[in-house]
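Below: the structure, in structure tokens.
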Amino acid sequence: MLSKFKFPKINSLELLLAPLFIIFSVWLMFSSFSYSDGSMQIGSKAWSDFASTIPVIRSFSFGSNFPPEYPLFPGEPIHYHFLFFAFVGLLEKAGLRIDYALNIPSTIGFTGLLYIIYFFAKELFKSKIVGILSVVFFLFNGSFSFIEFLKTRPYSINTLNDIVLNKTFPSFGPYDGKIVSAFWNLNIYTNQRHLAIAFCISLLIILLLINQINKKKINYYLSSIIGTFLGLFFFFHLAVFMMTGIVITGLGVLFKNIRIQAIIILIVAAIISLPQYLYMQSGGPGAFKPSLSIGYLAQNNLSIKSFIEYWFLNLGLHSILIPIGFFLATKNIKKIFIAFFLIFIIGNTIQFSPEIAGNHKFFNYFMIFGVMLSSFVLIKLWQNKIFPRPLVIVLIFFLTISGIIDFFPIYNDNRISLVDYPVSKDIRWIMDNTPANSVFLNSQYLYDPVSLAGRKIFLGWPYFPWSAGYDTQTRDDLRKKLLNSDNLNSFCEEIRKHNINYVELNKRESYDFPINYNFIETSFKKVYENPQNQYYIYSTVEQCL
């Protein structure tokens, strides 16, 4: 019975950790996204990602998005795991301001992740210090990106000041051409708000299963509950759903006495997730299929040497300490590590999205367990009377210095103000005067007033839908063709096919393709205009629909 499961007892140290974790999580989330005087205040390093996040949230809070479609590529079932953002949208719909609606669940998720990392490590290694050190290593990555920092700011008496005032990540591979990945710093959790809570729930599920390893009786009820949660997870975070299933499969193979429970979990999860999978894959030929891709971001000029070099620079001293920890660990921990190591192998061999960089989640997830082994080794060394303790301090320094350097660009980040409906009369008019399920043929992309009003645009910034597996090239070609059309019949044929209700134009903007403004102005009824910013909306209903 589930009621027989005993959660770890919480002592005074762990009670002290709670406010520290909460305060840090609150700062991390609210510093990157807040609200002031009718405008959203978005951290510059979250600006690009939030151009996708906010339209999805608003499609549920101010729009009508059921069955769910991607608001930046309407007309097909959504390919993106949307459930977290739908929940945020419903909170805003219920009256909670958008920054609170997004930041509160994000804070709970990140706080929960820190706590589950601590308890996971503590329970496996029977050490509170291993748990605390695991959290520290999670927060401050151990890559060798600090070398790139020292290349531009050589060590001097000003180094500490350079670190504290730093505003840029020293290495942001592959986007800046450097080897160390952009995905080790905390920026991924401020930008991908559903990731921390997804990791938290996943680790909790796995910890519940690991807790059953030494039990003689099969807990069918607990297995069914876990399987149900995992199955519902498909729409919450697809990648973490897959990773959790992989680890559970590995545990079931390696631990005979939880094999039946693992099978039950996977069967229940498969039954519940199958309709979700079929819905996501019903989007037509644009849906991306997994493919073989060896070497992750080291795949260019791939060799054994380049592969080892890539991961040594990205994992830093963890690449040495993790194997040592595996050697020193108990038999059960070795098996658990192997189950997690499957994630590392798969992340290096299979590409799950159009952009291979999207596999970073596999390595972030694997390293949550990996840093626990590193922490275990360091405590062993500290307790060893032969090994000099100052060297342990030196190792901890080199395992955290890159993460400390990476922390300050987030701390020092600038905020970009984005006017919202209390200030913008464009957004307000769209909210008040167009149906909630409207689709707009758009001339602009990022932070379109239509998206901020919760309506759908024919095509958002192509990178976002492309990375989710949509055929953006065909749609972008059609969008440009329609905006430069001179034939009403052919224009209306496409408008009807894609259920487009309005055309929006921003004449103040310059575009890299021609727009036939005269055709749109003479063919359709102008329903809204803002001469100040030359923003216009035309209805296609009378002429086409």
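The values are calculated or read from the model by the stated rules, or taken from the named source; none is laboratory data. Nothing here was measured: the structure is a model prediction, and the numbers come from that model. Reconstructed Cβ throughout: ideal geometry from the backbone, glycine too, with neighbour counts over all protein chains shown. The accessibility values were calculated without ligands, DNA or RNA, using every heavy atom of the protein model including side chains. Shrake-Rupley method; radii C 1.70, N 1.55, O 1.52, S 1.80 Å.
The figures follow:
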read-out	value
Unmatched cysteines, the chain - criterion: no other Cβ of a Cys under 4.7 angstrom	CYS200
Nearest-10 value in Å² for the accessible area of LYS151, using the 1.4 Å probe	140 Å²
19 Å Cα-Cα threshold exceeded, pairs from LYS256/LYS334; LYS128/LYS331; LYS122/LYS331; LYS178/LYS305	LYS128/LYS331
The range 418-484 - Rg (one decimal) and Dmax (whole number), Cα, Å	12.8, 36
Probe 1.4 Å - accessible area at GLU542, Å² to nearest ten	140 Å²
Accessible area in the full protein assembly, largest first, 1.4 Å probe, for TYR538, TYR528, TYR221	TYR221, TYR528, TYR538
FRET efficiency for VAL253 and TRP382, using Cβ-Cβ distance with R0 set to 35 Å, rounded to 0.05	0.55
Share of carbon and sulfur in the accessible heavy-atom surface of the chain [1.4 Å probe, %]	64 percent
Which of HIS79, HIS237 is most accessible, then next, and so on - probe 1.4 Å	HIS79, HIS237
Length released on extending from ILE104 to ASN433, taking residue separation times 0.36 nm less the Cα-Cα span	115.4 nm
Percent of Cα-Cα distances greater than 28 Å, calculated over the range 399-545	27 percent
The chain: relative contact order in percent, alpha carbon pairs under 8 Å with at least 6 residues between	21 percent
Theoretical FRET efficiency, 1/(1+(r/R0)^6), r = Cβ-Cβ of LYS525 and PHE87, R0 45 Å, to 0.05	0.75
Spin-label pair SER291/LYS497, simplified geometry with 7 Å Cα→Cβ offset, distance in nm	2.5 nm
Fully extended contour minus Cα-Cα distance, from GLU355 to GLN534, at 0.36 nm per residue	60.8 nm
Value at 222 nm in deg cm²/dmol, rounded to 500, when DSSP H runs of n ≥ 4 in the chain each add -39,500 (n - 2.57)	-18500 deg cm²/dmol
Solvent-accessible surface ranking, highest first, for TRP184, TRP47, TRP461 at 1.4 angstrom	TRP461, TRP47, TRP184
Cα→Cβ-extended label distance, 7 Å offset, between TYR463 and PHE66, nm	3.3 nm
For the range 306-448, radius of gyration divided by Kirkwood radius, i.e. Rg to Rh on alpha-carbons	1.20
Rounded to the nearest 20 debye, dipole of the range 92-152 from Cβ charges on Lys, Arg, Asp, Glu	160 debye
Contour excess over end-to-end distance, with Cα ends at TYR277 and ASN158 and 0.36 nm allotted per residue	37.4 nm
Heavy atoms of ILE188 accessible to a 1.4 Å probe, total area in Å² rounded to 10	10 Å²
All-pairs alpha carbon distance profile, the chain, 20 Å steps from 0, percent	20, 51, 25, 4, 0
Accessible surface, per residue, of the chain when the full set of protein chains is kept, probe 1.4 Å, Å²	44 Å²
